[in-house]
Amino acid sequence: MHHFTSNCFVRRTRGKRTTSINRSLRPCSSPSSSNRPTAKESPSRAQRTDMQDDEYVSEGVRPASHAGTWYESSTRQLQGQLEGWLDEVKLEEQTPVDGARVIIAPHAGYSYSGPCAAWAYKALDVSPSTKRVFVLGPSHTYYLRGMALTTFHKYATPLGDFATDTTTLGSLYSTGSFGLIPRKRDIEEHSLEMHIPYLYAMLKLVLPTDAEVPPIVPILIGDISGDKEKEAGRILAPYLSNPENSFIVSSDFCHWGLRFQYTAYVPSSTIPDSGPKRLRSSEEPSGQSIHESIKVLDDAAIEAIETGSHDKFLSNLRCTQNTVCGRHPIGVVMAAMEALNTGKKFKFVRYERSSLVTDVDDSSVSYGSAYAVL
């Protein structure tokens, strides 16, 4: 039995859903085939995008491009909504959880995943001693081979702006393991942005009124191998061990449906060694309902993450092909935690879905919230 709280019905009705939220908005989207790699948009040391100098340079303010569609653009309404969701969280532990400097939280529109994300942010241990917050997410707007850093000097939110930690970004860039996010793609990407207002709201609740919010370190983790995840983990491990740093890992879980090209199904609670079968259009499930099968697949991924073994998480994904869109950011942070050799692991405290699928022509996206004490 899992110890995290599960709520399996649609969360769109929780909290005030105003007309500023686009009702046709998808819970989350993935890179399309039109965003397959090009030389121009797969940054590396040999092929930089937008900025070709070897020295890291940041400039300008990244606008809150999803405000008014994916979340409220009104400062008062957004602050009230986020604080309301945080107030409703009832963790077993005292909050914030002492030493919980790393969280996994979803990045869909707030009307879908906002209540679930609150469980991770309520646990996040941030304080006046927090000097910087790393935000790691997947790329949805272009195919990214490798990892890439923002080149914006600030990230705007309706609640206030975050400076980026240009010193840390420059140090990471100098390793040769990171490219630069194309600025247009940075603005279009939601996996990083959706966490910035939540982080700001949380910091304002715990910091003294006159304190400045710490800078952020936005990083996109693209399509990389398990070995590359381990290499990236070794690079980030020293930052993870520093008690002045916090980490946010941006990820949704199973994207199920024909539109996601993922219709995996298991008729019972056991996943065969050969992996789940795929349902075809109009095919009826042979056992448990589709939404129960989706939960089995997500539970297996969550259990693999909670073991603390990066290899077990990779093995689970190879078996199920579960469409965990932040699997690479999760993998990198798991590898970093393993590199520290402290035995620390993630603990999941919430699981939700955008809908309960009963028909193969339906779709849903799953959300999970977790924290790790370091």
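Pull up the cross-link candidates among the lysines for Lys312, meaning alpha carbon to alpha carbon under 22 Å and not fewer than 8 places away within one chain.
Within reach: Lys228, Lys230, Lys277, Lys295, Lys344, Lys345, Lys347.
How high is the FRET efficiency from Lys184 to Gln77, r the C-beta distance, R0 30 Å, rounded to 0.05?
Result of the calculation: an efficiency of 0.60.
Pop the C-beta distance of Ser65 and Thr342 into the FRET formula with R0 = 41 Å and round what comes out to the nearest 0.05.
0.60
Given H placed 1.01 Å from N in the peptide plane, which residues other than close sequence neighbours of Arg350 have an amide H under 5 Å from its amide H?
Placed amide hydrogens put Thr5, Ser369 under 5 Å from Arg350.
Counting each DSSP H run of 4 or more residues in the chain as -39500 (n - 2.57), what helix-only mean residue ellipticity at 222 nm follows after dividing by all residues, to the nearest 500 deg cm²/dmol?
So the helix-based figure for the chain works out to -9500 deg cm²/dmol.
On the principal axes of its Cα set, how long, how wide and how thick is the chain? Give whole Å, largest value first.
Projected onto its principal axes, the Cα set of the chain covers 57, 45, 42 Å.
Each residue of the stretch 116-123 in order: what ³J(HN,Hα) in whole Hz does its phi give by Karplus 6.51 cos²θ - 1.76 cosθ + 1.60, θ = phi - 60°, with x for Gly and Pro?
5, 4, 4, 5, 6, 5, 5, 7
Rounded, prolate or oblate: pick one for the stretch 161-213, where a ≥ b ≥ c are the square roots of the eigenvalues of its C-alpha gyration tensor, a/c under 1.5 means rounded, and failing that, prolate if a/b is larger than b/c, else oblate.
Because a/c hits 1.5 or more and a/b fails to exceed b/c, the stretch 161-213 counts as oblate.
Using a simple charge model, +1 on the beta-carbon of Lys and Arg, -1 on the beta-carbon of Asp and Glu, nothing else, what dipole does the chain show about its Cα centre, in debye to the nearest 20?
I would put it at about 500 debye.
Could you please tell me the mean projected area of the C-alpha convex hull for the stretch 281-374, averaged over all directions and given in square nanometres to one decimal?
6.4
Every number here is computed from the coordinates shown, using simple stated rules; none is lab data. Because the structure is a prediction, the values reported are computed rather than measured. Because the Cβ atoms are built from the backbone with ideal geometry, glycine has one as well, and the counts that use them run over all protein chains shown.
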